[in-house]
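See structure below.
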Amino acid sequence: SIGGNIGDVSKKFKQLFLMFQNDSRFFLQKTSPILKNPPFGYLDQNDFLNAIIILKTNLSPIEALNAFQRYEYRFKRTRSFQDAPRTLDIDIIFYNQIKMDTKRLTLPHKSYKNRESVLIPLHFV
């Protein structure tokens with residue numbers, strides 16, 4: 001799941017898609033439409049743009065998480081507080097049929113069932 005609400009998010013998503021296409025570790029299989037969603041948690045911020053992408057990779061879930069966090073950093077993502085505005089957020093919702101619960105990563109994502117920003121675009125992929 002990808003999302004953001006700071007700056008030109010549509011442009012950032014297009015740049016991210018190109019980065020995935022040029023990264024030999026990933027094969028971008030499918031994307032949902034980009035949808036506009038209200039924020040949750042911290043409400044005093046702009047609406048978000050969200051989409052679902054399906055990637056194929058040989059990386060482990062933690063290796064993929066590390067790669068995604070490097071991508072977020074390249075787009076100047078900061079983690080000031082929970083549910084804060086952000087330039088780019090990449091969440092792993094599912095990773096094949098793997099189930100795990102560690103300090104860094106829970107699969108499937110622990111709160112995806114409560115997020116319309118995930119559930120609605122998920123229907124398109």
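The values are calculated or read from the model by the stated rules, or taken from the named source; none is laboratory data. Just so you know, these numbers come straight off a predicted model, no measurement behind them. Note: ideal-geometry Cβ built from the backbone for every residue, glycine included; neighbour counts use all protein chains shown. Heavy atoms of the whole protein, side chains included, go into the accessibility calculation; ligands, DNA and RNA do not. Shrake-Rupley method; radii C 1.70, N 1.55, O 1.52, S 1.80 Å.
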For segment 24-38, in order, what is each residue's ³J(HN,Hα) by Karplus, 6.51 cos²θ - 1.76 cosθ + 1.60 with θ = phi - 60°, in whole Hz (x at glycine and Pro)? 5, 6, 10, 10, 6, 8, 7, 9, 7, x, 8, 10, 8, 9, x
Show 10, 1 ordered by accessible area, largest first, where the area counts protein heavy atoms only and the probe is 1.4 Å. 10, 1
Difference of contour (0.36 nm per residue) and Cα-Cα distance, residue 120 to residue 69: 16.0 nm
Only Lys, Arg, Asp and Glu count, each charged at its Cβ (+1, +1, -1, -1), so figure out the dipole size of the chain about its Cα centre, rounded to 20 debye. 280 debye
Could you please put 44, 8 in sequence from largest to smallest accessible area, using a 1.4 Å probe? 44, 8
Accessible area expressed per residue, the chain, with surrounding protein chains retained (probe 1.4 Å, Å²): 63 Å²
Identify all aspartates and glutamates with a Cα-Cα distance to residue 76 below 17 Å; exclude those on the same chain that are fewer than 8 residues away in sequence. 8, 89, 91
Which value in deg cm²/dmol, rounded to the nearest 500, describes the helix-derived mean residue ellipticity at 222 nm for the chain, given -39,500 (n - 2.57) per DSSP H run of n ≥ 4 and division by the residue count? -8500 deg cm²/dmol
Segment residue 47-residue 27, length gained on full extension (0.36 nm per residue, minus Cα span): 4.3 nm
If one computes the Cα centroid of segment 1-39 and of segment 71-125, what distance in Å separates the two points? 13 Å
Just to check I understand the Karplus step: with θ = phi - 60° and J = 6.51 cos²θ - 1.76 cosθ + 1.60, what whole-Hz values come out for segment 4-14, glycine and proline as x? x, 8, 10, x, 7, 5, 4, 5, 4, 4, 4
Of the candidate values (1) 14; (2) 23; (3) 56, the one computed for percent of Cα pairs over 26 Å apart from this structure is (1)
Could you work out how much longer the chain between residue 96 and residue 17 gets when fully extended? Use 0.36 nm per residue separation minus the Cα distance between them, nm to one decimal. 26.4 nm
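With all protein chains present and a 1.4 Å probe, how do 91, 47, 101 order by accessible area, largest first?
Solvent-accessible surface, decreasing: 101, 47, 91.
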